[in-house]
1. From the list Tyr289, Tyr282, pick out the single residue that is touching a residue at least 24 places away in the same chain (Cβ under 8 Å) and touching a His at 6+ places or on another chain (Cβ under 9 Å).
2. Restrict the check to the range 104-114 and report whether at least one residue is in contact with a Phe, Trp or Tyr (Cβ under 7 Å, 6 or more places away or on another chain) and touching a residue at least 40 places away in the same chain (Cβ under 8 Å).
3. Find the residue count for the range 59-94, including only residues that are under 10 Å from Ala260 (Cβ atoms), out of contact with any Asp or Glu (no Cβ under 7 Å at 6 or more places or on another chain) and not in a strand (DSSP E or B).
4. I'm trying to understand the selection: among the residues of the range 156-177, which are surrounded by 16 or more Cβ atoms within 10 Å (Cβ to Cβ) and more than 30 Å from Gly88 (Cα to Cα)?
5. Name the residue, out of Ser374, Ser341, Ser302, that is within 16 Å of the ligand (Cβ to nearest atom), assigned to a helix (DSSP H, G or I) and either modelled with pLDDT of 95 or more or among the aliphatic types (A, V, I, L, M) (or both).
6. State whether one or more residues within the range 67-84 are open to solvent by 10 Å² or more (accessible area, probe 1.4 Å), away from the ligand (no atom under 16 Å from the Cβ) and on the phi < 0 side of the Ramachandran plot.
7. Among the residues of the range 226-239, is any within 12 Å of the ligand (Cβ to nearest atom), modelled with pLDDT under 95 and among the acidic types (Asp, Glu)?
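The values are calculated or read from the model by the stated rules, or taken from the named source; none is laboratory data. The shown structure was predicted, so the numbers you read here are calculated from the model rather than taken from an experiment. No Cβ is skipped: glycine too gets one built from the backbone with ideal geometry, and neighbour counts run over all protein chains shown. For the accessible areas, the whole protein counts, side chains as well, though only heavy atoms, and no ligand, DNA or RNA atoms are used. Shrake-Rupley method; radii C 1.70, N 1.55, O 1.52, S 1.80 Å.
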Amino acid sequence: MLRIPKSLRLSFSCFILIFHFLLMPAVPALADEGMWLPMLIQQKIPQMQELGFRLTAEDIYSVNRACLKDAIVHFGGGCTGEIISAEGLLITNHHCGYGQIQAHSTVEHDYLKDGFWARTRQEELPNKTLTVTFLRKMEDVTQQVLEGVTAQMSEVERQGQIEANIKTISELTLQGLDRKFYSARIAPAYYGNQYFLYLNETFRDVRLVGAPPSSIGKFGGDTDNWMWPRHTGDFSLFRIYAGQDNQPADYSPDNMPYRARYHLTISTKGVQPGDFTMVYGYPGRTQQYVLSPAVEYLVNRSNPQKIRLRTLRLDVMNREQAKDPAVRIQYANKNAGVSNSWKKWQGESRGIHNAGTIGKKQDFESRFQKWAESSGRHEYITLIPAMKELYSQLEPYMFASEMYAEAVMAVELLRFASTLESTFVRNGPARATEAARAFFKDYYKPIDQEIFELLFTEFYRVMEPLAHLLPKDTAEVQSLTAAGDFEQLTAAKDFAQLAASLYNTSVLTDHRKTMELLAKDSALALSQLREDPAFRLVDPFVRKNKDHIQTRITEISLDLNLLYRTWMQAIMEFDSERIFYPDANSTLRVTYGTVQGYSPVDAVTYMPVSTIEGIMQKDDPQVFDYDIPQSLRNIYAVRDFGHWESNGTVPVCFIATNHTSGGNSGSPVLNADGHLLGLNFDRVWEGTMSDIEFDPSVCRNISVDIRYVLFIMEKIGKADYLIEELDICED
Ligand code: ARG
């Protein structure tokens, strides 16, 4: 290192600062926005290096050698996970493994409550439907996908041609590969201005290895969810197993721990404000480029109504779960899922309001319109009016569709009746029986019956102006709801009576009776299933939704998508300074930023790092969400922090400016050398609108510090044998 006389150091660093300042682009704060395609990350490397990154594009993504991408998996289709040992050990969030942890839990072995630690490989627990998927390679296939597409084609014709091409590309890609474990996905970017091929490899034997008690893994519960300051130890451990040849295989006791091409090194150096961080994972869906009417619909209509419906459900679940430990376990995962979006939507609406997103978009649109008119390009001039017209057509169908999902299909009995019938038809009685067993493990009729009554009352109230989108032909229903007249009941809004008769007469609320029904001769079973009042009630809704709502949505969306494709081209021309990245679509992305606090409201500043001190401040045996295990209190009392201590405490969580979304849960947060600093698990309340607009002043991702994870593994889990598997570097 260059040695500088002490007296000169200050002025030298000042010089650097000033120099830096002069070189800074006009809008530096926007630098952290974006979710980048790993294959094209080269274009962002200079900016990343400016923030401290020390690796190359090849270290992030390469088809020629093992690299970071080979340590990342799409976990269970909805989360991200990463490999952290040579023997297939995988880490993800506690809330991502929650379903599996719950599935293995009973009142006697309550792994949700007490945590779970496999002491040997034999104790690692298989999970029937859990898969993890690696991206093996990606490719720009725009040309091949658009082959034969002409400007004269209608959108439907164009779509047909594209689908045919996609099929061909996919067939070619998968030649010689076992389709059970390999799949090709060809996904559009920028509304179909570009297409990328993803070749995926899926492992189907993934076992649960470890999880902290929920009082650590879900510390703060739904009270702290989506918020900072946060103190959640949101991690769980799994192991991928492969066949003897190290290739993906179905579950077998003979399978071996998978030797991945690459696994992450863990850094225990921790983070300082300003440090470079990078998140590598699978964000699900963002809508950065939508027009203002889409955002207006979201905040004025969709979010408030969905929130209202979910509040009704949550109130019932919370009350009943508090009464009975068995019900608490049964509804733990369902409740978390319902609550999660419920709370996010509230933050999102507020964030959009605070950021003035709608106004900004309207302003952008009117500036665009002027530009388009001055350019004289007809295609651009007519764009916004045409899109707005389509939005006004779309809105009622969209709303109805969301209400179907959030009300009709939110009734467990109705959803079960509908899916049981289709599973029976498609996959046969054995699979239907399996589905029924899974359903009844977590079914508590009183909750569902009350929810039916509340949701249907609300559903019929809000759908009143859209009555033409309700099933009319309920003649069959009425004869079967034992109370008689469905139409009369809905007209009278007597959903309590309807609920009572439905839940009394349907066989599908009863485990034993359902099993008896499914055990009958196949044809008889199916006809009785179809005669069940729950099926008779839900089926007209399913049909109405499919035939009259979803078909319309698909039609309008196709037209809208066509215009969005032009819109993307147009705004790239109009706003040529701006950097564009494709919206998230559950494909692998890189996002980067720095560790930063933020100011949520006037006169308040949040620091970016939380510690175990905050856990102790929140600790309260009387409050379920904050009641930590006694063992943690004991460790804290003697400050037995061991190796994981830093500045006299244990760091727990930190926030940074990485642009993440749902699906990024469990994603590795890497330092400038690509070493694991922590796991992404959330965003801050004020910044949840980043799916629509990323405001660098308040959008932060929340991560659990890997040192807290290791601390819990060692001190609470006594899982030294797992820690020994890891590659830990002190800096
Ligand atoms: N908000 C985080 C995410 O969207 C965590 C959700 C799980 N936690 C919970 N309390 N429900 O996935």
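1. That would be Tyr282, the only listed residue that is touching a residue at least 24 places away in the same chain (Cβ under 8 Å) and touching a His at 6+ places or on another chain (Cβ under 9 Å).
2. Yes, there is a match, as at least one residue in the range 104-114 is in contact with a Phe, Trp or Tyr (Cβ under 7 Å, 6 or more places away or on another chain) and touching a residue at least 40 places away in the same chain (Cβ under 8 Å).
3. Residues flagged as under 10 Å from Ala260 (Cβ atoms), out of contact with any Asp or Glu (no Cβ under 7 Å at 6 or more places or on another chain) and not in a strand (DSSP E or B) within the range 59-94 amount to 5.
4. Within the range 156-177, Arg158, Gln159, Gln161, Ile162, Asn165, Ile166, Ile169 qualify.
5. Within the list Ser374, Ser341, Ser302, the selection yields Ser341.
6. no
7. no
Conditions tested, residue by residue: (1) in contact with a Gly (Cβ under 8 Å, 6 or more places away or on another chain); (2) closer than 30 Å to Glu33 by Cβ; (3) open to solvent by less than 20 Å² (accessible area, probe 1.4 Å).
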residue	(1), (2), (3)
Val601	no, yes, no
Thr605	yes, yes, no
Ser610	no, yes, yes
Gly614	no, yes, yes
Asp619	no, no, no
Ser631	no, no, no
Asn634	no, no, no
Val638	no, no, no
